[in-house]
Amino acid sequence: MTINVVVIDDHTLVREAVCRMIDSEPDLSVVGQAGGIAEGRSVLAQSLIHVLVVDVSMPDGSGLVLARAAREASPAWASSC
């Protein structure tokens, strides 16, 4: 089983490095990435994910609020956490 990951971070170099590390693992796959909260909400709505890697503090909002909203929007995902 491949574990689908979304990475959300406003620092492009950090986000790209994290994505490269994740993609280097055979059982992990980055299925989406975003540079902000608003863009992240859109990516999350379009992706079936198992893991969310999110920056806690970004210029357009809180990564913690986004993670909480993602859990609430997907009961199946929340129950597997």
I'm trying to understand the selection: among the residues of the stretch 1-27, which are surrounded by fewer than 18 Cβ atoms within 10 Å (Cβ to Cβ) and in contact with a Gly (Cβ under 7 Å, 6 or more places away or on another chain)?
Thr12
So, first residue touching a residue at least 40 places away in the same chain (Cβ under 8 Å) and small (Gly, Ala, Ser) in the stretch 49-65, second residue in a helix (DSSP H, G or I) and surrounded by 14 or more Cβ atoms within 10 Å (Cβ to Cβ), Cβ within less than 9 Å, six or more apart or across chains; the pairs are Gly63/Ile37; Gly63/Gly40
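How many of the residues making up the stretch 48-67 are surrounded by fewer than 14 Cβ atoms within 10 Å (Cβ to Cβ) and either closer than 21 Å to Ala17 by Cβ or modelled with pLDDT under 90 (or both)?
First, the residues of the stretch 48-67 that are surrounded by fewer than 14 Cβ atoms within 10 Å (Cβ to Cβ): 48, 56-57, 59-60, 64-65.
Then drop every residue that is not either closer than 21 Å to Ala17 by Cβ or modelled with pLDDT under 90 (or both), which leaves 48, 56-57, 59.
Number satisfying all stated conditions: 4.
The values are calculated or read from the model by the stated rules, or taken from the named source; none is laboratory data. Computed from a predicted structure; not experimentally measured. Because the Cβ atoms are built from the backbone with ideal geometry, glycine has one as well, and the counts that use them run over all protein chains shown.
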